[in-house]
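Visitor: Have a look at the structure that comes next, please.
The values are calculated or read from the model by the stated rules, or taken from the named source; none is laboratory data. Note that the coordinates shown come from a computational prediction; the quantities given were computed from them, not determined experimentally. Cβ coordinates were reconstructed from backbone atoms using ideal geometry, including for glycine residues, and neighbour counts include every protein chain displayed.
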Amino acid sequence: MSEDKRKEYFEEIYKRYNSKDFVDTDPIYFPHTASGNTEFIAFTSALFAYGNVKAIKSFLSNYFAYAGTDPIKLNSFSNDSMYYRFQTVADVSSYSLAMNRLYDRHGSIRSIFERHADKGIDDCLSFAITDIRKEFKEITNGVNFLLPIPGKSASKRLMMFLRWMIRKDEIDLGLWKGKIFQPSMLYMPVDTHIKRAAVNMGIVSSSASPKVSLDKISSYFRDLNPRDPAKYDFAISRLGISMGCKYSFSETCVSCIDKQTCIFVIN
């Protein structure tokens, strides 16, 4: 299948699924709907975006209700219900304290990223996360999982946060305006849905490491759309999350409204 046909298909599903009608199926639901400091809400939502959507939304709803959405006024006192999978009650409390210190000292997360923006996106991300980790008094296993220094991993949650901040459309927030941060610099966030789609398309092997998958998949979409390589992330993921797509022929194809043009079945 030609790259033009693939891009045509991606544009088709982008128009259909990159809509606020689907925002409640994703952690970006919170920065869209919660009042407060949107950057902080988005950062928190992205960091805790692992596991199934129902569990993620349940934790985040409880966290923002208890701790608040203004990082300067966060309630950081321990609460026995404030834990999430790999993060203990102490880890969640430590996160709130760290965010309070960060915003008090730096004013925003953007300011930390801007400090390293001239280093290129990879080094910028690594240096920025290193700086953010300095706001924690202790890097426990739970904190380390929440905010890993980018390297061998695909850094999916951090790449997703940058997509939210830098891109601007009906879904992505585009809060970081200006010439420093541009959509062209983004990587494609690689979750299980994007990886499965990429494997079916022959972009990467199923056994590829997370970092290799990130590089190869992002390179493919950067070639396809140089100015906006992360554009189709939300739409492709909705196929799996909302429509049950397996990104190959399956029982869900029968009732799929995209079956006539689907590139994953006619590949």
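Listed here are the residues, each with its yes/no results for (1) of a type in the set (Phe, Trp, Tyr); (2) surrounded by 20 or more Cβ atoms within 10 Å (Cβ to Cβ); (3) touching a residue at least 24 places away in the same chain (Cβ under 8 Å).
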| position | (1), (2), (3) |
| --- | --- |
| 181 | yes, yes, yes |
| 190 | no, yes, yes |
| 197 | no, yes, yes |
| 246 | no, no, yes |
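Visitor: Turning to a different aspect of this structure: Residues of the stretch 62-72 being in a helix (DSSP H, G or I) and in contact (Cβ under 8 Å) with a residue 24 or more places away in the chain, which ones? If you could, list the steps in order and put the result at the bottom.
Guide: Filtering the stretch 62-72 down to residues in a helix (DSSP H, G or I) leaves 62-67, 71-72.
If the condition is that a residue be in a helix (DSSP H, G or I) and in contact (Cβ under 8 Å) with a residue 24 or more places away in the chain, then 63, 64, 67, 71, 72 are the ones that fit.
Visitor: Still on this structure, please answer the following. Looking only at the stretch 85-139, filter to residues that are polar (S, T, N, Q) and part of a helix (DSSP H, G or I); which one of those is nearest to residue 150 (Cα to Cα)?
Guide: Step one: list which residues in the stretch 85-139 are polar (S, T, N, Q), which gives 87-88, 93-94, 96, 100, 108, 111, 126, 130.
If we keep only those that are part of a helix (DSSP H, G or I) too, we end up with 93-94, 96, 100, 111, 126, 130.
Values: 93: 23, 94: 21, 96: 22, 100: 23, 111: 19, 126: 5, 130: 9 Å.
By that ranking, first place goes to 126.
Visitor: Sort out which residues of the stretch 199-232 are charged (D, E, K, R) and buried (at least 20 other Cβ atoms within 10 Å of the Cβ), and write them in order of number.
Guide: Kept after step one, since they are charged (D, E, K, R), are these residues of the stretch 199-232: 211, 215-216, 222-223, 227-228, 231.
Answer for the stretch 199-232, where residues must be charged (D, E, K, R) and buried (at least 20 other Cβ atoms within 10 Å of the Cβ): just 231.
Visitor: Here is a further query. Would you point out the residue of the stretch 168-179, among those that are of a type in the set (Lys, Arg) and in a loop (DSSP other than H, G, I, E, B), that is surrounded by the most Cβ atoms within 10 Å (Cβ to Cβ)? Full working, then the answer.
Guide: Initial filter on the stretch 168-179 (of a type in the set (Lys, Arg)): 168, 177, 179.
If we keep only those that are in a loop (DSSP other than H, G, I, E, B) as well, we get 177, 179.
Values: 177: 11, 179: 6.
Going through the qualifying residues, I end up with 177.
Visitor: Which residues, counting only those in the stretch 73-120, are touching a residue at least 24 places away in the same chain (Cβ under 8 Å) and among the hydroxyl-bearing types (Ser, Thr, Tyr)?
Guide: 76, 84, 88, 94, 95, 96, 103, 108 - these are the residues of the stretch 73-120 that are touching a residue at least 24 places away in the same chain (Cβ under 8 Å) and among the hydroxyl-bearing types (Ser, Thr, Tyr).
Visitor: I'd like the full set of residues that are crowded, with 20+ Cβ neighbours inside 10 Å and assigned to a loop (DSSP other than H, G, I, E, B), limited to the stretch 49-61.
Guide: If the condition is that a residue be crowded, with 20+ Cβ neighbours inside 10 Å and assigned to a loop (DSSP other than H, G, I, E, B), then 49 is the only one that fits.
Visitor: Could you tell me which of the residues 69, 25 is more than 19 Å from residue 192 (Cβ to Cβ) and of a type in the set (Val, Ile, Thr)? So that I can check it myself, show each step before the final result.
Guide: Values: 25 fails: more than 19 Å from residue 192 (Cβ to Cβ).
Among 69, 25, only 69 is more than 19 Å from residue 192 (Cβ to Cβ) and of a type in the set (Val, Ile, Thr).
Visitor: Next question. Restricting to helices (runs of 4 or more DSSP H) lying wholly in the stretch 185-267: which have 2 or more residues that are at pLDDT 95 or above and among the aromatic types (Phe, Trp, Tyr)? Even if it seems obvious, please write down each step before you answer.
Guide: Working: elements: 192-200, 210-224, 233-241.
Helices (runs of 4 or more DSSP H) meeting the threshold: 210-224.
Visitor: Which of the residues belonging to the stretch 76-103 are of a type in the set (Ser, Thr, Tyr) and under 16 Å from residue 51 (Cβ atoms)? Spell out the reasoning first.
Guide: Step one: of the stretch 76-103, the residues of a type in the set (Ser, Thr, Tyr) are 76, 78, 81, 83-84, 88, 93-96, 103.
Answer for the stretch 76-103, where residues must be of a type in the set (Ser, Thr, Tyr) and under 16 Å from residue 51 (Cβ atoms): 83, 84, 88.
Visitor: Is there any pair linking a residue in the stretch 30-58 that is at pLDDT below 95 to one that is surrounded by fewer than 20 Cβ atoms within 10 Å (Cβ to Cβ) and assigned to a helix (DSSP H, G or I), with Cβ under 8 Å and at least six apart or on different chains, and which?
Guide: Pairs found: 53/25; 53/241.
Visitor: Same structure, new question: From (1) part of a loop (DSSP other than H, G, I, E, B); (2) crowded, with 21+ Cβ neighbours inside 10 Å, pick out the condition that doesn't hold for residue 46.
Guide: (1)
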